[in-house]
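Enquirer: Sharing a structure with you now.
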Amino acid sequence: MLLRVDIASLNSSATISPVGEIDLDTVSLLSASLADTIASGADRVVVDFAHVTYIASAGLGALVGAHKRLRAAGGALVLRCEQPRVLRLLTIWFRHGSHKDV
């Protein structure tokens, strides 16, 4: 399945809603969406994983990069996820030491 990324902005906040699988073939779209959103002045970026069925380590790396850019500018990256499979991957990555800098 290909990836689609929907973006909704309001003032200095934005919500990025990927739809599909985030893997090595599709991560560039997520990365570009995050970078463009941050460059446009958003200081609070919510990534809503409601319609993501899978995220590979490349996608996690894109999130870490966005988190670092936002944090350096005094902003925040917020992850919203209720998909059990994706939530499990995010939890393992961010809580159990796969990336200590986040």
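The values are calculated or read from the model by the stated rules, or taken from the named source; none is laboratory data. Remember, predicted model here, so these are calculated numbers, not experimental data. Don't worry about glycine lacking a Cβ; one is built from the backbone with ideal geometry, like all the others, and counts go over all protein chains shown. Only protein heavy atoms, including side chains, enter the accessible area calculation; ligands, DNA and RNA are left aside. Shrake-Rupley method; radii C 1.70, N 1.55, O 1.52, S 1.80 Å.
Enquirer: Give me the one-decimal nm value for the distance between modelled label points at VAL46 and ARG80, 7 Å along each residue's Cα-to-Cβ direction.
Expert: 0.3
Enquirer: In whole Hz, what ³J(HN,Hα) sequence does region 25-30 give by Karplus (6.51, -1.76, 1.60; θ = phi - 60°), x for Gly and Pro?
Expert: With coefficients 6.51, -1.76 and 1.60, one gets 7, 10, 4, 4, 5, 5 Hz.
Enquirer: Could you derive backbone 3J(HN,Hα) for region 49-55 from the dihedral phi with the Karplus parameters 6.51, -1.76 and 1.60 (θ = phi - 60°), listing whole Hz in sequence and x where the residue is Gly or Pro?
Expert: 8, 4, 10, 9, 9, 6, 9
Enquirer: Full extension from THR91 to LEU2: what is 0.36 nm times the residue separation minus their Cα-Cα distance, to one decimal in nm?
Expert: Full-extension gain reported as 29.6 nm.
Enquirer: Where Lys and Arg each count +1 and Asp and Glu each count -1, what net charge lies around VAL19 among other residues with Cβ under 13 Å from its Cβ?
Expert: Local charge sum for VAL19: -2.
Enquirer: While we're looking at this one, here's another question. Of all DSSP beta bridges located in the chain, what percent are antiparallel, nearest 5?
Expert: Of all bridge pairs located within the chain, approximately 35 percent are antiparallel.
Enquirer: Also: Per residue, how much accessible area does the chain show when a 1.4 Å probe rolls over the protein heavy atoms, in square angstrom?
Expert: For the chain, the per-residue accessible area is 57 Å².
Enquirer: In the chain, what percent of the accessible surface is made up of carbon and sulfur (1.4 Å probe, ligands and nucleic acids excluded)?
Expert: Carbon and sulfur atoms account for 53 percent of the accessible area of the chain.
Enquirer: Please label the shape of region 11-97 as rounded, prolate or oblate, based on the square roots a ≥ b ≥ c of the eigenvalues of the alpha-carbon gyration tensor (a/c under 1.5 means rounded; beyond that, a/b larger than b/c means prolate, else oblate).
Expert: Note, shape of region 11-97 comes out prolate.
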